[in-house]
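A short write-up of the structure that comes next.
The values are calculated or read from the model by the stated rules, or taken from the named source; none is laboratory data. In this text, all values refer to a predicted model and were calculated from it rather than measured experimentally. In this analysis, Cβ positions are derived from the backbone assuming ideal geometry, glycine residues included, and neighbour counts consider all displayed protein chains.
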Amino acid sequence: MRVERDDERTGGVTALATMIRQPPAAWHQPVMGAEAVQLLAPKPGAVIADGTVGAGGHSLMIVPHLLPQGHLIAVDRDREALDLARKRLTEFTPQITFVHGNYRDLHALLDELKIGGLDGLLLDLGMSSMQVDRPDRGFSFSKDGPLDMRMDDEQEETAESLVNELPAEELARLLDELGEERFARRIAQRIVQARHSRPIRTTAELVRLIAQAVPASARHGRLHVATRTFQALRMAVNDELGALASLLERLPRLLKPGGRAVILAFHSLEDRLVKRAFAQGVREGWWTVLTKKPVPPSAAECSANPRARSAKLRAIERR
Ligand SMILES: C[S@@+](CC[C@H](N)C(=O)[O-])C[C@H]1O[C@@H](n2cnc3c(N)ncnc32)[C@H](O)[C@@H]1O
């Protein structure tokens, strides 16, 4: 993890300038912002970590509650997101420590910052609309770009390396487990066949191969034919379930007594990890669960922001 000083400006300057010039509606809209803040219950003087600060939408709703003495630790693996968050949160700079890193390392960061425990932790999982909207990041199946999908550009493994190097069996398993893709085996076989002639380098090439692999009847369903494959690759490239599982394991020690954790999941495997860890923590006497059932977004939010539709919010309070 790398704690950044206020005067640092890293990478993606042109892209950042473009994003900041865009109207706020083009930025990532915070999903279930009101519900998340209500459950997090930030108070003056509290120390809260936003482990997935993204464009800073949730953080902007949290920081005013911490004034005048409180502190926000704003973490993101994505340098561009962090730069954007820093700009949007500029009026609260004295209250915030920005960190380029993985929330799975939050325990080490708290040690480094000499913070004994958090009053609150927010995780808003998955990718942001800024990531998906940028063709050069390779997250989108509807825009041609390099097969990248890394949230953190310091990482070596990309979607291109997985697609071109994984054995067919492993590729099929990944698409099946992380993407719940019915045609995982067929897609993996088509990819392996194609990469014999030349490496697969772009999102458009991969979309073409997926469309060729599935039966014609599956090409025009409700979901784009490449949705599940792209989701699986993104989750694998960024080890999203691994990061969540390690954080959940350390959660009892990250929170102070009375501290709260609020987690927004968008994928059934993520939500299952959260649900199980929260239930186990109850059995072990670490916390009480504040959400008996996962809280869904309102119908109004779902129609205003389609990305919210699959959100599930769960929260606990440390004993
Ligand atoms: C859904 S967006 C967050 C949006 C943010 N809540 C907002 O309102 O603007 C998720 C963000 O989490 C980041 N992210 C995902 N996994 C991460 C991890 N393990 N550690 C740190 N950041 C992560 C992504 O780079 C992305 O910027």
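Quick one: would you say V75 is modelled with pLDDT of 95 or more, touching a strand residue (DSSP E or B) at 6+ places or on another chain (Cβ under 6 Å) and closer than 22 Å to L248 by Cα? Yes, satisfied.
Note on the stretch 58-80: among residues that are part of a helix (DSSP H, G or I) and within 12 Å of the ligand (Cβ to nearest atom), the one that is surrounded by the most Cβ atoms within 10 Å (Cβ to Cβ) is H58. Considering the stretch 43-56 alone, what residues qualify as being surrounded by fewer than 23 Cβ atoms within 10 Å (Cβ to Cβ) and either hydroxyl-bearing (S, T, Y) or touching a helix residue (DSSP H, G or I) at 6+ places or on another chain (Cβ under 6 Å) (or both)? Result: A46, single match.
Note on the stretch 281-319: residues that are outside any loop (DSSP other than H, G, I, E, B) and buried (at least 17 other Cβ atoms within 10 Å of the Cβ) total 13. Restricted to the stretch 81-199, the set of helices (runs of 4 or more DSSP H) holding at least 1 residues that are in contact with a Pro (Cβ under 9 Å, 6 or more places away or on another chain) and among the hydrophobic types (A, V, I, L, M, F, W, C) comprises 159-165, 184-197.
Among L171, L123, which is the only one that is under 28 Å from V295 (Cα atoms) and at pLDDT 95 or above?
On the way: L171 fails: under 28 Å from V295 (Cα atoms).
Only one candidate qualifies: L123.
Of all the residues in the stretch 132-151, those that are modelled with pLDDT under 95 and within 12 Å of the chain's Cα centre (by Cα) number 1.
Take R228 and decide whether it is of a type in the set (K, R), in a helix (DSSP H, G or I) and assigned by TED's automatic domain parsing to the domain that holds A204.
yes
Within the stretch 129-147, restricting attention to residues that are more than 11 Å from the ligand (Cβ to nearest atom) and either among the polar types (S, T, N, Q) or touching a Phe, Trp or Tyr at 6+ places or on another chain (Cβ under 8 Å) (or both), the residue that is nearest to N102 (Cα to Cα) is S140.
Hey, any hits in the stretch 244-260 for a residue that's farther than 19 Å from L106 by Cα and in a helix (DSSP H, G or I)? No, that holds for no residue.
Taking the listed residues L244, L206, the one that is within 21 Å of the chain's Cα centre (by Cα) and surrounded by 15 or more Cβ atoms within 10 Å (Cβ to Cβ) is L244, with no other qualifying.
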